[in-house]
1. Out of Ile159, Ile187, Ile221, Ile170, report the one residue that is open to solvent by less than 70 Å² (accessible area, probe 1.4 Å), farther than 30 Å from Gly12 by Cβ and part of a helix (DSSP H, G or I).
2. Test each condition in (1) modelled with pLDDT under 90; (2) more than 23 Å from the chain's Cα centre (by Cα) for Leu206 and report the one that comes out false.
3. Given the conditions (1) surrounded by 14 or more Cβ atoms within 10 Å (Cβ to Cβ); (2) of a type outside the set (D, E, K, R); (3) within 16 Å of Val91 (Cβ to Cβ); (4) more than 16 Å from the chain's Cα centre (by Cα), and given that Ala211 satisfies all but one, which numbered condition is not satisfied?
4. If Val49 satisfies every condition in (1) over 23 Å from Ile192 (Cβ atoms); (2) among the β-branched types (Val, Ile, Thr); (3) open to solvent by less than 30 Å² (accessible area, probe 1.4 Å) but one, which is the exception?
5. Looking at region 26-42, which of its residues are without any contact (Cβ under 8 Å) to a residue 40 or more places away in the chain and not aliphatic (A, V, I, L, M)?
6. Keeping to region 53-70, report how many residues are open to solvent by less than 70 Å² (accessible area, probe 1.4 Å) and either in contact with a Phe, Trp or Tyr (Cβ under 9 Å, 6 or more places away or on another chain) or in contact (Cβ under 8 Å) with a residue 12 or more places away in the chain (or both).
7. Taking only region 1-12 into account, find how many residues are out of contact with any Leu (no Cβ under 7 Å at 6 or more places or on another chain) and touching a residue at least 40 places away in the same chain (Cβ under 8 Å).
8. May I ask you to list pairs of residues, at least six apart or on different chains, whose Cβ atoms are under 6 Å apart, with the first in region 136-148 being without any contact (Cβ under 8 Å) to a residue 24 or more places away in the chain and the second being surrounded by 10 or more Cβ atoms within 10 Å (Cβ to Cβ)?
Amino acid sequence: MLKRMIGPVLFGIIGVAILLSLGNWQVARLEWKTGIIANIEARIHAAPVAVPEAPDREADRYLPVEAAGRYTGEAVHVLSSQRERGTGSRVIAVLETETGRRLLVDRGFISDAARLQEELVAPQAEVTGNLLWPLDSDSFTPAPDLDRDLWFSRDADPIAEYLDTEAIMIIAREDAPRVQGLVPVPITTAGIKNDHFGYAVTWFSLAFVWAVMTVILVWRIRQQTA
């Protein structure tokens, strides 16, 4: 009987150990991801500073900044949509600061209808937001349709080259003057996935089921050899 039980018992112990280790790994990942989200949240809502002369794309990601100057009216529209407002575009506009710098500002979402009606020039403007270099393109992203003034990515480098600005993008949180129909879409952590708790529960549940099935199998072997 003992010989017949050794295999199932070892198989059960190894299986449970593997599943528990996967569950513990997901718990560690949960703590790691929660810490990252908390750090991003704290950084996003810190006191704004002036836009650095030469920001670092990694160290200064999400850096809160403020700038003043004028909106020149130069802008590109990046295809976008919102559940409540339908299709439209993200407006990436040129802000010429009081010191003569030309920066990119993601002023937010505007519907297709409002896009044709609103003037984006502003001789006096102030913006508060966060620095970001969006990574929302890949090898399948189409080239911009310049005839329709429609882009398909917010990548700062090609937009900066097209509009002759620095490759620095401010995602507006507060934007003045307000433009009717243009709604700021500030950076949040809402889009950062953190599914590790669910994964941990799944692995621990499987470990429990595996253990129960092992016990049942051993009990049946014992009954058959009794």
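The values are calculated or read from the model by the stated rules, or taken from the named source; none is laboratory data. Nothing here was measured: the structure is a model prediction, and the numbers come from that model. Cβ sites come from the backbone with ideal geometry, for glycine too, and all protein chains shown count toward neighbours. The area values use the complete protein model at the heavy-atom level, side chains included, leaving out ligands, DNA and RNA. Shrake-Rupley method; radii C 1.70, N 1.55, O 1.52, S 1.80 Å.
1. Residue meeting the stated conditions: Ile159.
2. (1)
3. (3)
4. (3)
5. Glu31, Trp32, Gly35, Asn39
6. 10
7. 6
8. Cβ pairs passing all conditions: Asp136/Ser153; Asp136/Arg154; Ser137/Ser153; Ser137/Asp155; Thr141/Phe152; Thr141/Ser153; Pro142/Phe152.
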